[in-house]
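The values are calculated or read from the model by the stated rules, or taken from the named source; none is laboratory data. Everything numeric in this text was worked out from a predicted model, so none of it was measured. Cβ: placed from backbone, ideal geometry, glycine included. Neighbour counts: every protein chain shown.
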Amino acid sequence: MPVGAAGLPVQWGRVGKGARPPPARAPGCRGAWARRAAAHICAPPCPCDPPDGAAPISDLPPLPTVFASFPLREGGDAMARAQALAPERGAGLLAWVRSSVRAEAAVVLEPELPLAAARLALLAGANALADALAAEGPPEIPVQFAWPGILLVNGARCGVVRLAAPPGTAEDAVPDWLVLGMEARVTLTLPMEPGEVPDLTGLAEEGWEGLSVPDLTAGWARHLMAALDDWQARGPKRLIERYLARLLDASDARRGVDPNTCELVIERDGATSRRGLTP
């Protein structure tokens, strides 16, 4: 059996697309992945306020107390803001953008694993986004991923999941923090008709008409805490299996993920190849 650098075996998925996994239940998180952070820190004029004339976006629904909501105005960069605040604010900071057309959020994590193994958090973020969408949308519409974090809804690009670590962190060192982010296009805003650009879509165009940005953001956060809690309690096997069931790449081959490096491992016709999180 192939093994990774730390001796843990590669976790293999089923050949073929596989059944759509049921949404994970999302209780509050326990464990070391997140802790309560401080309250809002912006001084007036606050860049988190909506611009003049913009329709107000409601706050997030109630979340587990491990989260500290940090809203940004339309056009804000949740991933960049979370990375900037991570050293000061620590785990649990949830930066998100007040927008009516796209969901964008990023959460600060404090892993206890070396960076190479902690990168599996990206798969947890992908599963959480798919679970949040499955809980709110039409069950017949497939929600899948292209490696590693490109969100595909009904076969078209609709968003992305990303992961960032402190610059210069060695792969075998425990990072001070990680920032896990997601983006999802709630509705198409380009001057075109649905289907005119078939490789792009929005959630509203695929049947999620009533889903708001705050609801999707909160749903992603809850499912993320459930996924991280399950990973911490039971190991990476289920996390990887659920992700591989949604992965579109190489669905006709034997696929696995090395839990020591978060590399996609593909076996086809006796040959083995690996893909990292970055090209």
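Inclusion of residue 179 among residues that are touching a residue at least 40 places away in the same chain (Cβ under 8 Å) and part of a strand (DSSP E or B) is warranted. Right, residue 197: part of a loop (DSSP other than H, G, I, E, B) and either in contact (Cβ under 8 Å) with a residue 60 or more places away in the chain or closer than 29 Å to residue 109 by Cα (or both) or not? Considered against the rule, which asks whether it is part of a loop (DSSP other than H, G, I, E, B) and either in contact (Cβ under 8 Å) with a residue 60 or more places away in the chain or closer than 29 Å to residue 109 by Cα (or both), residue 197 comes out as no. Every condition in (1) under 25 Å from residue 263 (Cβ atoms); (2) in a loop (DSSP other than H, G, I, E, B); (3) not β-branched (Val, Ile, Thr) holds for residue 188 except the one numbered (1).
So for segment 48-64 (the condition being hydroxyl-bearing (Ser, Thr, Tyr), within 14 Å of residue 214 (Cβ to Cβ) and modelled with pLDDT of 90 or more), does at least one residue qualify? No, there is no match, as no residue in segment 48-64 is hydroxyl-bearing (Ser, Thr, Tyr), within 14 Å of residue 214 (Cβ to Cβ) and modelled with pLDDT of 90 or more.
If you check 132, 128, 124 for being touching a helix residue (DSSP H, G or I) at 6+ places or on another chain (Cβ under 6 Å), more than 15 Å from residue 218 (Cβ to Cβ) and in a helix (DSSP H, G or I), only one passes: 124. Per the listing 274, 222, 268, the residue uniquely among the basic types (Lys, Arg) and either under 22 Å from residue 131 (Cα atoms) or under 17 Å from the mean Cα position of the chain (by Cα) (or both) is 222. How many of the residues making up segment 184-212 are surrounded by 13 or more Cβ atoms within 10 Å (Cβ to Cβ), aliphatic (A, V, I, L, M) and either farther than 22 Å from residue 149 by Cβ or modelled with pLDDT of 90 or more (or both)? Count: 6.
Only one of the numbered conditions (1) closer than 18 Å to residue 161 by Cα; (2) in a loop (DSSP other than H, G, I, E, B); (3) touching a residue at least 24 places away in the same chain (Cβ under 8 Å); (4) out of contact with any helix residue (DSSP H, G or I) (no Cβ under 6 Å at 6 or more places or on another chain) is violated by residue 264, and that is (2).
Is there a residue in segment 219-228 that is among the basic types (Lys, Arg) and part of a helix (DSSP H, G or I)? Yes, there is a match, as at least one residue in segment 219-228 is among the basic types (Lys, Arg) and part of a helix (DSSP H, G or I). Summed over segment 120-133, the residues that are touching a strand residue (DSSP E or B) at 6+ places or on another chain (Cβ under 6 Å) and under 24 Å from residue 101 (Cβ atoms) give a count of 5. Looking only at segment 245-279, filter to residues that are within 22 Å of residue 170 (Cβ to Cβ) and among the polar types (S, T, N, Q); which one of those is surrounded by the fewest Cβ atoms within 10 Å (Cβ to Cβ)? Among those that are within 22 Å of residue 170 (Cβ to Cβ) and among the polar types (S, T, N, Q), it is 278. In this structure, residue 238 does not qualify as surrounded by 15 or more Cβ atoms within 10 Å (Cβ to Cβ), in a strand (DSSP E or B) and charged (D, E, K, R).
Among 94, 72, which is touching a Ser or Thr at 6+ places or on another chain (Cβ under 7 Å), aliphatic (A, V, I, L, M) and either under 24 Å from residue 186 (Cβ atoms) or modelled with pLDDT under 90 (or both)?
Being touching a Ser or Thr at 6+ places or on another chain (Cβ under 7 Å), aliphatic (A, V, I, L, M) and either under 24 Å from residue 186 (Cβ atoms) or modelled with pLDDT under 90 (or both) holds for just one of 94, 72, which is 94.
Being touching a residue at least 12 places away in the same chain (Cβ under 8 Å), under 11 Å from residue 178 (Cβ atoms) and out of contact with any Lys or Arg (no Cβ under 9 Å at 6 or more places or on another chain) is a property that residue 94 lacks. Scanning segment 135-151 for residues that are in contact with a Leu (Cβ under 8 Å, 6 or more places away or on another chain) and not in a loop (DSSP other than H, G, I, E, B) turns up 136, 143, 144, 145, 146, 151.
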